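Let me begin by presenting the structure, written as structure tokens, before commenting on it.
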């Protein structure tokens, strides 16, 4: 959760076609991406943290899901999902931030995390970041079931969104580069501005977003270390400014950085 690299021998408490339940000594953030390696087969797979399932002492249990849903990581033939199970796992969720709604067919892991936490963290297309989702409610505050959606009138056509900085960074592959909200210091290094200590807002495998009072041009080459600790060894990686947004009423700019491809 602090953005540090780590490696540990973890234990599984649940195996699923979609991922696993793992026990870790580290505090992890929902939507965070990890690499899971089997000590028996040395097979590796990229996973994302769905959410926390429980804790005991200094250990935490998390549900993690494979990014590649077609991978056969465990070498186990799981029974097919029945139609009744699919219907039972379908739920109308609502974003706590923008109130957007989506009918979601949750996996067994997502369903477990949702039940334990009475909600789940997932990516919101409208907000452009990961937000907290709960079961949608009607005007009276009662949960809406999936079966109630069928007779509902079709949703009105969405208005064309105003030009926005968010799609520029995520257009290549939204699902692969899921953003995780952060709040730590970073250092942006450039020939023109030197070292600039900035505040990072979110980060993903493909880049990050930060805010600064200094001005950077789109496509400007930079180096960035995030998180950054003054006086400690820091790793800088190359990147480009992907977008610039002036925040109305504030004296700073919001920037998106795309890491340079090796």
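Being modelled with pLDDT under 80, out of contact with any helix residue (DSSP H, G or I) (no Cβ under 6 Å at 6 or more places or on another chain) and within 16 Å of residue 4 (Cα to Cα) is a property that holds for residue 181. Within the span defined as the range 36-53, every residue fails to be modelled with pLDDT under 90, closer than 30 Å to residue 137 by Cβ and in a loop (DSSP other than H, G, I, E, B). Here the range 5-19 is the region considered, the condition is being touching a residue at least 12 places away in the same chain (Cβ under 8 Å) and farther than 13 Å from residue 71 by Cα, and the residue that is surrounded by the most Cβ atoms within 10 Å (Cβ to Cβ) is 10. Restricting attention to the range 97-111, does a residue exist that is in contact (Cβ under 8 Å) with a residue 40 or more places away in the chain, farther than 17 Å from residue 132 by Cα, part of a strand (DSSP E or B) and in contact with a strand residue (DSSP E or B) (Cβ under 7 Å, 6 or more places away or on another chain)? No, the range 97-111 contains no residue that is in contact (Cβ under 8 Å) with a residue 40 or more places away in the chain, farther than 17 Å from residue 132 by Cα, part of a strand (DSSP E or B) and in contact with a strand residue (DSSP E or B) (Cβ under 7 Å, 6 or more places away or on another chain). Residues in the range 20-35 that are assigned to a loop (DSSP other than H, G, I, E, B) and in contact (Cβ under 8 Å) with a residue 60 or more places away in the chain: 29, 30, 31, 32.
Results for (1) outside the structural domain of residue 30 (by TED's automatic domain parsing); (2) modelled with pLDDT of 75 or more; (3) loosely packed, with under 10 Cβ neighbours inside 10 Å; (4) over 25 Å from the mean Cα position of the chain (by Cα), shown as yes or no for each residue.
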{"site": "159", "(1), (2), (3), (4)": "yes, no, yes, yes"}
{"site": "177", "(1), (2), (3), (4)": "yes, no, no, no"}
{"site": "237", "(1), (2), (3), (4)": "yes, yes, no, no"}
{"site": "247", "(1), (2), (3), (4)": "yes, yes, no, no"}
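Criterion applied to 243, 228, 216 was being at pLDDT below 90, surrounded by 17 or more Cβ atoms within 10 Å (Cβ to Cβ) and part of a loop (DSSP other than H, G, I, E, B), and the one residue passing it is 228. Does any residue of the range 69-82 turn out to be surrounded by fewer than 17 Cβ atoms within 10 Å (Cβ to Cβ), touching a strand residue (DSSP E or B) at 6+ places or on another chain (Cβ under 7 Å) and over 17 Å from residue 24 (Cα atoms)? Yes, the range 69-82 has at least one match.
Condition first: outside any strand (DSSP E or B), within 22 Å of the chain's Cα centre (by Cα) and farther than 23 Å from residue 13 by Cα. Now tell me which residues in the range 78-96 satisfy that.
96
Residues in the range 54-77 that are part of a loop (DSSP other than H, G, I, E, B) and either closer than 13 Å to residue 15 by Cβ or under 21 Å from the mean Cα position of the chain (by Cα) (or both): 67, 68, 69, 70, 71, 72, 73, 74, 75, 76, 77.
Screening the candidates 209, 189, 205 for the property of being under 22 Å from the mean Cα position of the chain (by Cα), in a strand (DSSP E or B) and in contact (Cβ under 8 Å) with a residue 40 or more places away in the chain yields one hit, 209.
The values are calculated or read from the model by the stated rules, or taken from the named source; none is laboratory data. This is a predicted model, so every value here is computed, not measured. Neighbour counts are summed over all protein chains in view; Cβ atoms, including those assigned to glycine, are modelled from backbone coordinates with ideal geometry.
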